[in-house]
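What follows is a short report on a single structure.
The values are calculated or read from the model by the stated rules, or taken from the named source; none is laboratory data. As the structure is a prediction and not an experimental result, all values here were calculated from the model. Using ideal geometry, Cβ is built from the backbone for each residue, glycine included, and neighbour counts are taken over all protein chains shown.
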Amino acid sequence: MGCALQNGALPGWCDVCVWTWFSLLQKSCMKILPTHYALTTPPPPRPPPPTPPPGSTLSVTPFCRVPSGLCESFNIDIKRPRIFTGPEEALFGFSVLQHENEGEKSMLVGAPWDGPLNNRRGDVYKCLVEDESNSNCTKVNLGERAFHNISRNLKNSHLGMTLSPDSPDGFLACAPLWSQECGTSVFSTGICTSVSDDLEPRETIAPTAQRCATYMDIVIVLDGSNSIYPWYQVQNFLSNILSKFHISPEQMQVGVLQYGEVAVHEWSLRDYQTTQEVVEAAKNISRQEGRETRTAYAIHMGCTEAFSPERGAREGATKVMIVVTDGESHDGEELPDALEECEKRNITRYAIAVLGHYIRRQQDPETFISEIKYIASDPDDKYFFNVTDEAALNDIVDMRAPSKHILWPLLVKYFMVLSHLSQTPFHVFLLQDGILFGMVGAYDWDGGVLKEGTEGRIMPTREAFESEFPQELKNHAAYLGYTVSSVMVGDWRRLYVAGAPRFKHKGKVILFELSNDGDVNIVQALNGEQIGSYYGSEVCGLDVDQDGITDVLLVAAPMYLGPGNKEAGKVYIYSLSGEELFVSNGTLKAEDRSQDARFGYALASVPDLNHDGYTDLLVGAPLEDGHKGALYVYHGLGIHIIHTHKQRIAGSSLSPSLQYFGRSVSGRLDLDGDDLLDLAVGAQGSAVLLSSRNIVQINASLFFQPHSINVIQKTCLRGGRESACLNATVCFLAVSRSPGRSISFELSVAAMLDDRKLSARALFDNNSQRQTQLGVRVHTGETVCHNLPFHVFDTADYIRPISFSLRFKINDTESGPVLDEGWPTTIAFFKDCGEDDVCVTDLVLQAHMDISGTRQQPYVIRSPRRRLSVEVQLQNRLENAYNTSLTLHSSRNLHFSSLSIRREATLGDNSVQLQTVVQYEPDLFITSDSNLNRYEVHPTRTVSEAVGPEFYTHFRLQNLGCYSVSQLELRLSLPSIAAGDRVFMTVTDVFSYNVRTAPLSALHPLLYQAVRGKRAGF
């Protein structure tokens, strides 16, 4: 028989003795014979080795459990959303941005389709976050206030498509489809405005807009002397030419100066802002008349006064003078000085000679023509015109031949400049030293980027990206710049990021360096995998551990086809490697359902939602749940994003009327005043503010008094029975992981004794049940304790520990804090293993039996003594040994009978081998019977007489013992010879059955021996 010991629940400095009885003859039921036992609980700091009381150990193991389902959602409050509504047809909610100004907190909402059907100017709405759950939103009228000095043409500019925070304060609002009119052409160059926190425009940013060639200040110097006739023809010419001009603050301004003997400003450059206004004004001009034609005086006045800032001349505008006269000047000697003034001011002069007066008088106009050519700028064939009479003035306005048209020299320059204007700042990203613009319309919609910063404007050429965007694909509309961003890699090296979702129809994202000279170094290119997925339409870099280096780059493909060919969407994860490149590290996906979702339509990093020090991620899926939309929350950990979403917020759970929830997201400020980060989420015609909730960690601890108890010595009377009474002290310390002020909340606590057993061995005093409940008011940072007295009945099961379980939850699940799902929810059994919390044990074992025998002198087991006792002595000399088990192995002739345990100081080793040689005294029983009970043999009969009858005799040998007897020999003696050696019986046959050479079983085997004989004749 052998005994082996394994680490189990054996307290340090504790000795245990186990007596085990075995039956040597027959099996009997196992019987546990407890004497007395003690209850041990987590003790205070370890005392010196005590002298333990006798008895066995019953443990109380405390557990703390959180109810299932509590953490299905995390700390974004979906029970109390604040929903702001606006005009749905204006696409209110297309973009959102959290905003704060001098304590006033609001949400800015873009409505890029705001305005009548024929003029979707777009605008921004301001929604105040007040005590009310919802409040009204007011239109900011940002376009009119920001761009009134730049352009009055805001038609279909869609202001509010992009809202981005500015540095160090304020924000950027962009109108990507703002159009620039140049002559009869319209070009969508886009425009942004920098707005201060008080919503006042600070600066207009239009990096791709170029000044039109039609940005001109034109002054017409018109001869109104008596020789001009008829005057209405001059009026018609003036109205006709003015109708051809594109008059606006961004293009042409026109002033008219009429002269004869004197010169008069009919109107100045700044007086009229539209073509219609100047045409109407021209109809009302009356002739000045006069006997002299003082052309030099009028030209000098026009150059010095008409082009002055006081009369509306604009800096940078092309200055053009058109002189119309019908005769030589009376002050021709002053022409050189007048023209010199014009040259100083870079004024281009067109001169038109009207020959009607000379033709009517049949005079030679050569001298007149020479003077007019002298007035016109060089070359003459470009800037000099002559007509036969006043009626012919309209011919040079209406003629179809371009080279004969009076405005042809301007139009040539105009068309040359406009070839570079089809660029659109579709997306912007704020940098430390400026702004990065994405321009999807540049270079025939191949796209590009532009940086506007402290080093000026940097715009790479199409050829700068040729290594990844070959020239042979230049007409395929890659849309480079659809989204832009930047990342920081090792050695604080900044890379710019730009997406091209239509490149080869699969999409591409490039990471590149950009020098101040516009040179591009493409460091890495990432390619999409599915046609039409719009890979690269959104990118987002995350500095997860907030050390300044980008850890993860996310690239969205919101139109990626999933199961059932639905636009499920997918977000690709790229982690920064040691080579300063981003390597693929899996994907994020929407719920595994066959539905349109467009998961990844919006991406946003948030500083830290769950207050663990790591940056988190928001992903919008506006088409989920039948276009209701959803928002996914992912947590960061270390330098990675956890691939499983921590919370999914369905739009339908906030309001059944929400549509396209998740189309835009913003999370950077606390708007409701609780010092916790809040989320702004855009929807169709709505913007939703979601608050965060405090995250608390509950530290629960248990203490028992007394630390141990002898059940034999009862200490109280409960339910009419003597019991062992204890008091459990339950303490709670709530620690908030969230910043801000201290909070208090109610905990509902349920305590359970022996929750895994059918019958309870312990009950609470207050209700005589194994379970009790109580409410606890907890304040963060403060410890609160409650006493839970209970009692233990006498029981036969003292080996397994009594479990003491605590289940608690926060009562206010809608507005209260949430339990930290990452915090331990199980209180480990107190091991008392010193400061290192590692138990070092020294288990020793000794055993002996109450009989002994050797092979030479075996111990003989007789019927009166069929019981064997084995005493096992177990000792732990050092720290506690938990889950200790004692295993006893015995030979097959032993059957376990009973067990008794007590404490005792013993010595020994961890393994003991005991051996005793025994012999068993056989217990055999023999019986016989015959079919012939009596037969007489006459002494006078002779041998010759007939043989007598045959008969049978049966002998039965029975083993009454428990074990087989081997090599048994049976000897039978039968009478056969009478007096005088006369044979009177012979054996004719001997046979047997149920006789085996192997040992017989212990089930009462029988040996049968039969003898058949015949009587001999006499």
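Taking the condition hydrophobic (A, V, I, L, M, F, W, C) and in a helix (DSSP H, G or I), does LEU199 pass? No. Name the residue that is nearest to the chain's Cα centre (by Cα), counting only residues in region 861-877 that are at pLDDT 80 or above and surrounded by fewer than 16 Cβ atoms within 10 Å (Cβ to Cβ). Across region 861-877, the extreme among qualifying residues is ARG877. Of the helices (runs of 4 or more DSSP H) lying entirely inside region 227-305, those containing at least 2 residues that are modelled with pLDDT under 90 span 231-244.
The number of residues in region 76-122 being more than 25 Å from PHE147 (Cβ to Cβ) and assigned to a loop (DSSP other than H, G, I, E, B) comes to 7.
A count restricted to region 476-494 and to residues that are surrounded by 24 or more Cβ atoms within 10 Å (Cβ to Cβ), over 23 Å from the mean Cα position of the chain (by Cα) and either closer than 16 Å to ILE522 by Cα or modelled with pLDDT of 95 or more (or both) stands at 2.
Got at least one residue in region 537-559 being under 21 Å from PHE465 (Cα atoms) and part of a loop (DSSP other than H, G, I, E, B)? Yes; the residues of region 537-559 include at least one that is under 21 Å from PHE465 (Cα atoms) and part of a loop (DSSP other than H, G, I, E, B). In region 230-275, the qualifying residues are those that are crowded, with 17+ Cβ neighbours inside 10 Å and among the aromatic types (Phe, Trp, Tyr), and the one that is nearest to VAL323 (Cα to Cα) is TYR259. Hey, could you check region 500-525 for residues that are in contact (Cβ under 8 Å) with a residue 60 or more places away in the chain and out of contact with any helix residue (DSSP H, G or I) (no Cβ under 7 Å at 6 or more places or on another chain) and say which is surrounded by the most Cβ atoms within 10 Å (Cβ to Cβ)? Filtering first and then ranking leaves LEU511.
Would you mind stating whether LEU747 is part of a strand (DSSP E or B), touching a Gly at 6+ places or on another chain (Cβ under 8 Å), surrounded by 14 or more Cβ atoms within 10 Å (Cβ to Cβ) and hydrophobic (A, V, I, L, M, F, W, C)? Reasoning before the result, please.
Numbers: part of a strand (DSSP E or B): yes; touching a Gly at 6+ places or on another chain (Cβ under 8 Å): yes; surrounded by 14 or more Cβ atoms within 10 Å (Cβ to Cβ): yes; hydrophobic (A, V, I, L, M, F, W, C): yes.
Here the answer is yes, as LEU747 does meet what is asked.
Taken as a whole, the structure leaves LYS451 outside the set of residues that are outside the structural domain of PRO176 (by TED's automatic domain parsing), out of contact with any strand residue (DSSP E or B) (no Cβ under 9 Å at 6 or more places or on another chain) and of a type in the set (Lys, Arg). Evaluation of ASN610 against the conditions (1) closer than 30 Å to LEU676 by Cβ; (2) in a strand (DSSP E or B) shows that the sole unmet condition is (2). Among residues of region 727-740 that are over 14 Å from SER701 (Cβ atoms), those with a Cβ under 9 angstrom from a residue that is basic (Lys, Arg), sequence gap 6+ or separate chain, pair up as SER738/ARG693. Scanning region 313-355 for residues that are over 25 Å from ASP271 (Cβ atoms), among the small types (Gly, Ala, Ser) and surrounded by fewer than 21 Cβ atoms within 10 Å (Cβ to Cβ) yields one hit, GLY332. Just one of (1) outside any strand (DSSP E or B); (2) over 39 Å from the mean Cα position of the chain (by Cα); (3) of a type in the set (A, V, I, L, M) fails for ILE218. It is (1).
Would you mind stating whether SER179 is closer than 30 Å to LEU436 by Cα, buried (at least 18 other Cβ atoms within 10 Å of the Cβ) and assigned by TED's automatic domain parsing to the domain that holds LYS155?
Details: closer than 30 Å to LEU436 by Cα: yes; buried (at least 18 other Cβ atoms within 10 Å of the Cβ): yes; assigned by TED's automatic domain parsing to the domain that holds LYS155: yes.
Considered against the rule, which asks whether it is closer than 30 Å to LEU436 by Cα, buried (at least 18 other Cβ atoms within 10 Å of the Cβ) and assigned by TED's automatic domain parsing to the domain that holds LYS155, SER179 comes out as yes.
Could you please let me know if VAL571 is over 10 Å from SER533 (Cβ atoms), without any contact (Cβ under 8 Å) to a residue 12 or more places away in the chain and in a strand (DSSP E or B)?
Values: over 10 Å from SER533 (Cβ atoms): yes; without any contact (Cβ under 8 Å) to a residue 12 or more places away in the chain: no; in a strand (DSSP E or B): yes.
Judged against the criteria, VAL571 is not a match.
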